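Peer 1: Okay, handing you the structure first.
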Amino acid sequence: MDSDRSSSKARVIVVGAGFGGLAAVKALSKAPVDVLLVDQHNFHLFTPLLYQVASSLLDPSQIAYPTRALARRLKNARFRLGTVRSIDLEKRLVVVEDEALAYDYLILAAGSVNDYFGNESFAASTFPLKGLDQALALRYHIMDQFERASATTDSEVRHRLMSFAIVGGGPTGVEYAGALSELIHLVLRKDFPELDMKDARIVLIDGQSLVLPEFLPSSQKAAGHALTRKGVTLTLAAHVIDVDAAGVHLADGRVIEAGTVVWTAGVRAADLTRTLGLDLGKRGQVHVLPTLQVPGHPEVFAVGDLAAVQSDRKPLPMVSPVAIQEGDLAARNLIAMMDGRPLSPFRYRNRGIMATIGRNQAVAELGPLRFTGFVAWLVWLFVHLALLIGFRNRIM
């Protein structure tokens, strides 16, 4: 039982080394506490660029930074590699693998997993794009599809091998569709001269009438036009009812034939929330107070994709800027709680949203400013370089 507790300082366990967890750890760096950061991976993943790993534009090392290297910069923080199996809120215990670790304060920042909206069978027929292992699996699969296409003499088989369906018209789906198009027409065209890349087909499917539903209509239309110019077929206002070996089955009876189906349609809170014994939100998120504390457990905070937080009566999107701001406030409220000071409610500062559509193309909304095309891509590039951890990674 928690044999490595080494001081009389308050023990803070932070579950998850994503954006929210790291923001909390950094904000606690000068507090009189011992921080234990726990994650099932020994690296922090810069998820906004994950699609570039899946499309062979970046190497995994360029978006993954060792968590221990981050922790050693902070005198009061240590890192523990392991999967959190369960959490006992009453006994204040976090079970990592087979060891129970005691805490005085707990910050839950375990992130999210792919959401198939109750259709878990879809997982067997689709490639998700949420983790580094999934991005690499998709990357290798794409290469294998073209190798097999170049080796077959059957035109129908070749067409199927070179057909791709992407379910989900949010930023991840739009960005991957654009990157995949450029991979095929700019890179693989040279590597496979025996193939006619006109046979390649990319279909982006979404239930909304326009892509990027969080954006303004002008940005949505600009993104749709950019994708169409890159040869991506948009199948919108279409509801997926099944995915199997034949492809994607839609509610109106159409079947989008595809040898590869990529699932980017949504995420839900990590399964860890189910062990808490709490009433959860629609996407498995933990209901929290305005201070990000878990009701009935003031020593526990939930942030990022794990927390159900609203702004202007609307649920906040499950994106990294939200997680960073929540992680920072949770840590500051924790310190205030220790000092006996009032806690602050969370107020999201929306600094803008953006998405790329391949090289030199993007849409960006920063407050009252709207950008499209190359200028938006430069804005996107600057923001992501500023957030990316590691000088070498920024250079690359």
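Peer 1: Percent relative contact order of segment 296-344, based on C-alpha pairs within less than 8 angstrom and at least six residues apart?
Peer 2: Across segment 296-344, relative contact order equals 32 percent.
Peer 1: For segment 229-280 and segment 86-104, compute the distance between their C-alpha centroids and round to whole Å.
Peer 2: Answer, in whole Å: 35.
Peer 1: If you place +1 on the Cβ of every Lys and Arg, -1 on the Cβ of every Asp and Glu, and leave all else neutral, what size is the dipole of the chain about its Cα centre, to the nearest 20 Debye?
Peer 2: Dipole magnitude for the chain comes out near 1540 debye.
Peer 1: Can you pull out the chymotrypsin sites (Phe, Trp or Tyr not before Pro) in segment 263-360 that DSSP calls coil and that have at most 16 other Cβ atoms within 10 Å? It would help to have the intermediate numbers written out before the result.
Peer 2: Details: sites: 263, 301, 346, 348; in loops: 346, 348.
Within segment 263-360, the qualifying chymotrypsin sites (Phe, Trp or Tyr not before Pro) (loop, at most 16 other Cβ atoms within 10 Å) are 348.
Peer 1: Cut-off 10 angstrom, C-alpha nodes, Gaussian network model of the chain. Which of 97, 299, 182 fluctuates the most?
Peer 2: In the Gaussian network model the winner is 97.
Peer 1: In a Gaussian network model over the chain where Cα atoms closer than 10 Å are linked, find which of 227, 89, 366 has the largest mean-square fluctuation.
Peer 2: Comparing 227, 89, 366 in the GNM, the peak value goes to 366.
Peer 1: Straight-line reach only, C-alpha to C-alpha below 24 angstrom: list the lysines that residue 282 could link to, leaving out same-chain residues fewer than 8 apart.
Peer 2: Partners found: 130, 314.
Peer 1: Any chance you could run the full-extension gain for residue 95 through residue 225? It's 0.36 nm times the residue separation minus the Cα-Cα distance, nm to one decimal.
Peer 2: Working it through step by step, the gained length comes to 41.9 nm.
Peer 1: Where in segment 82-119 are there chymotrypsin sites (Phe, Trp or Tyr not before Pro) that are in a DSSP coil and have at most 11 other Cβ atoms within 10 angstrom of their Cβ?
Peer 2: Here the chymotrypsin sites (Phe, Trp or Tyr not before Pro) that fit, given the DSSP loop and packing criteria, are 117.
Peer 1: Check the straight Cα-Cα distances from residue 198 and name the lysines below 25 Å, setting aside those fewer than 8 residues away within the same chain.
Peer 2: 190, 221, 230
Peer 1: Cross-link candidates for residue 26: which lysines have Cα within less than 16 Å, leaving aside residues fewer than 8 places away along the same chain?
Peer 2: List returned: 75.
Peer 1: Same structure again: Tell me the label-point distance for the pair residue 209, residue 313, using the 7 Å Cα-to-Cβ offset, in nm and rounded to one decimal.
Peer 2: Inter-label distance under the simple model: 2.3 nm.
Peer 1: Run the dipole for segment 255-396 about the Cα centre, Lys and Arg Cβ at +1, Asp and Glu Cβ at -1, nothing else charged, and hand back the magnitude in debye, nearest 20.
Peer 2: Using Cβ point charges on Lys, Arg, Asp and Glu, segment 255-396 gives about 360 debye.
Peer 1: Can you give me the % of accessible surface on the chain that is carbon or sulfur? Probe 1.4 Å, all protein chains present, nothing else counted.
Peer 2: Percent of accessible area from carbon and sulfur atoms in the chain: 53.
Peer 1: From the helices alone, meaning DSSP H stretches of at least four residues, give me the mean residue ellipticity at 222 nm for the chain, per-run term -39500 (n - 2.57), in deg cm²/dmol to the nearest 500.
Peer 2: The helix contribution divided over the chain gives -8500 deg cm²/dmol.
Peer 1: Determine the distance separating the Cα centre of segment 138-152 from the Cα centre of segment 40-56; give it in Å without decimals.
Peer 2: Value for the Cα centre distance between the two parts: 22 Å.
Peer 1: Which loop trypsin sites (Lys or Arg not before Pro) in segment 3-106, with loop taken from DSSP, have no more than 15 other Cβ atoms within 10 angstrom of their Cβ?
Peer 2: 5, 9, 30, 72, 73, 75, 91
Peer 1: Relative to the present Cα-Cα distance, how much length would full extension add between residue 141 and residue 119 at 0.36 nm per residue of separation?
Peer 2: Here the answer is 5.6 nm.
Peer 1: On a full-extension model of 0.36 nm per residue, what is the gain between residue 81 and residue 236, subtracting their alpha-carbon distance, rounded to one decimal in nm?
Peer 2: Full extension of this stretch gives 51.6 nm more.
Peer 1: Would you compute, for the Cα atoms of segment 182-279, the largest minus smallest coordinate along each principal axis and list the three values in descending order, in whole Å?
Peer 2: Each principal axis gives a Cα extent; for segment 182-279 these are 58, 35, 30 Å.
The values are calculated or read from the model by the stated rules, or taken from the named source; none is laboratory data. Keep in mind it's a predicted model, so treat the numbers as computed, not measured. With ideal geometry, Cβ positions are generated from the backbone for all residues, glycine too; neighbour counts draw on all protein chains shown. Just the protein is used for accessible areas: all its heavy atoms, side chains included, with ligands, DNA and RNA removed. Shrake-Rupley method; radii C 1.70, N 1.55, O 1.52, S 1.80 Å.
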